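Notes follow the structure.
The values are calculated or read from the model by the stated rules, or taken from the named source; none is laboratory data. What you see is a predicted model, and the numbers here were worked out from it, not measured in a lab. All Cβ positions, even for glycine, are placed from backbone atoms using ideal geometry, and neighbour counts span all protein chains on display.
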Amino acid sequence: MGESNEERKPKKVTLIVFSGEMDRAIAAFNIAVGAASMGMETTMFFTFWGLNILKRPNARSKASGFIRKMLSAMSPRGPHRLPLSKLNMLGIGPVMMKKLMKKHSVPGVVEMLSLARQSGVRLIACTVTMELMGISKEALIDEVDSYAGVAAYLGEATHSNVNLFV
Amino acid sequence: MGESNEERKPKKVTLIVFSGEMDRAIAAFNIAVGAASMGMETTMFFTFWGLNILKRPNARSKASGFIRKMLSAMSPRGPHRLPLSKLNMLGIGPVMMKKLMKKHSVPGVVEMLSLARQSGVRLIACTVTMELMGISKEALIDEVDSYAGVAAYLGEATHSNVNLFV
Amino acid sequence: MGESNEERKPKKVTLIVFSGEMDRAIAAFNIAVGAASMGMETTMFFTFWGLNILKRPNARSKASGFIRKMLSAMSPRGPHRLPLSKLNMLGIGPVMMKKLMKKHSVPGVVEMLSLARQSGVRLIACTVTMELMGISKEALIDEVDSYAGVAAYLGEATHSNVNLFV
């Protein structure tokens, strides 16, 4: 492939995490942690339901307004309680999947989040969705590196070798 | 970064909009409008359920055949009536989300579609899906720039800096 | 666009197929077959529910453990039996969609899989998910080119012109 200059620059991976489902989150974290551990600059940009992954489990929602309060009440709080995109079966699916992962020593979302931090993955929370859904910075975990909008995302993405929307 | 020639060319963003859900459509339009307003060449390629976003609200379906007629009857007609991917709750979710967006002055899909046009985003409708689902050109809004298949998509995508499947 | 060296290298397309739904599978195969027939190096990396597409229809599951057995029993076996992401209607949707595709000579997932093989698309199955879900190599079709993890994926993806997560 011998791309000289191109080859020498560290590769860059940028993921949009739109979904708040356990299976999709695990897929995203697997790619991110894999990339970071291979020395790539890796950024995860959490938006919409993906923000649920970054929620502090015991934070009280300060959402104001009826609709935001309902949205907050109906959304899973933190990486422990994410649904599955398939076979969710009113919450039995995720419990089974978590057991299966534990048994086979496959890290779950909580462990992946901490692995991502350790391996240098940058975690960015989308300010537009936070504003819309009434999610304050205090409702999110400390590990969030920055809060940014679409311009910041595009700044990263246009210089990335791999861009995915999960 | 200083990539000389590479840097001087305008950046290019190409999105496949496969989903016909309000939240995913909003995410796609946010990226597209953001990119276009930053001077990037931006193309949205609508396929499958994503074509529902481009439907003329008051167009009569000319779909022939029982299955196509059913598909047409069961699909939302235009950007006003898209479901949510989560918390749809038989249509209450989208109504609440639209209220929330209005209250916080976040543009909805209808406004985003018009913003996309104004900022120069190219809208392409996938001819294979149109043919399959019996969607005629007349059923889609005038703002569609062109009708094309996978070869045209790949022509764009292989020269894009950011490719996403939404 | 006169990119000299860059232009002369064959373009490369790499798709992650995460979803096991008929409509998303068809979209992925359309892109892959299109790309391969235009002379691009095309790789499909099947993970999570996407592995259902590669299952041998008549293979007996050798999954061990209660949860894996349940997962296996509840997952569609092979490309004949995939659900739709929308309008699935307890399985009526996919039947209708298949009829519609047949009528309009649009190839279904089974035909697309064989087209993909003929046009040189590489099919890779994700070993991490196989291990987790207890899917053995014998449960998958012979057409799988290789079994690999995230490092192999990233090796491909960082040299691809088009990366998508479907």
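Here is a yes/no grid of residues against (1) crowded, with 20+ Cβ neighbours inside 10 Å; (2) under 13 Å from the mean Cα position of the chain (by Cα); (3) of a type in the set (Gly, Ala, Ser):
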| residue | (1), (2), (3) |
| --- | --- |
| A:81 | no, no, no |
| A:119 | no, no, yes |
| A:128 | no, no, no |
| A:135 | yes, no, no |
| A:140 | yes, yes, no |
| A:154 | yes, no, no |
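Would the range C:18-34 turn up any residue that is at pLDDT 80 or above and away from chain B (no Cβ under 14 Å)?
The answer is yes, given that some residue of the range C:18-34 is at pLDDT 80 or above and away from chain B (no Cβ under 14 Å).
Quick grid of which residues meet (1) under 13 Å from residue A:54 (Cβ atoms); (2) within 9 Å of another protein chain (Cβ to nearest Cβ); (3) not in a loop (DSSP other than H, G, I, E, B):
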| residue | (1), (2), (3) |
| --- | --- |
| A:96 | no, yes, yes |
| A:113 | yes, no, yes |
| A:117 | yes, no, yes |
| A:124 | yes, no, yes |
| A:132 | no, yes, yes |
| A:144 | yes, no, no |
| A:151 | no, yes, yes |
| A:156 | no, no, yes |
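Does residue C:166 satisfy being within 14 Å of chain A (Cβ to nearest Cβ) and in contact with a strand residue (DSSP E or B) (Cβ under 8 Å, 6 or more places away or on another chain)? So residue C:166 passes the test. For the range B:61-82, give me each residue that is at the interface with another protein chain (Cβ under 10 Å from one of its Cβ atoms), at pLDDT 75 or above and in a helix (DSSP H, G or I). Hit for the range B:61-82 is B:68, nothing else.
Across the range A:89-117, the qualifying residues are those that are within 12 Å of the chain's Cα centre (by Cα) and small (Gly, Ala, Ser), and the one among them that is nearest to residue A:57 (Cα to Cα) is A:114. Just one of the listed residues (B:5, B:52, B:58) is modelled with pLDDT under 90 and at the interface with another protein chain (Cβ under 10 Å from one of its Cβ atoms), and it is B:5.
Suppose the filter is in a strand (DSSP E or B), of a type outside the set (Lys, Arg) and modelled with pLDDT of 90 or more; does residue B:45 pass it? Criteria met by residue B:45. Candidates are the residues of the range B:99-110 that are crowded, with 17+ Cβ neighbours inside 10 Å and assigned to a helix (DSSP H, G or I); the one that is nearest to the other protein chains (Cβ to nearest Cβ) is B:100.
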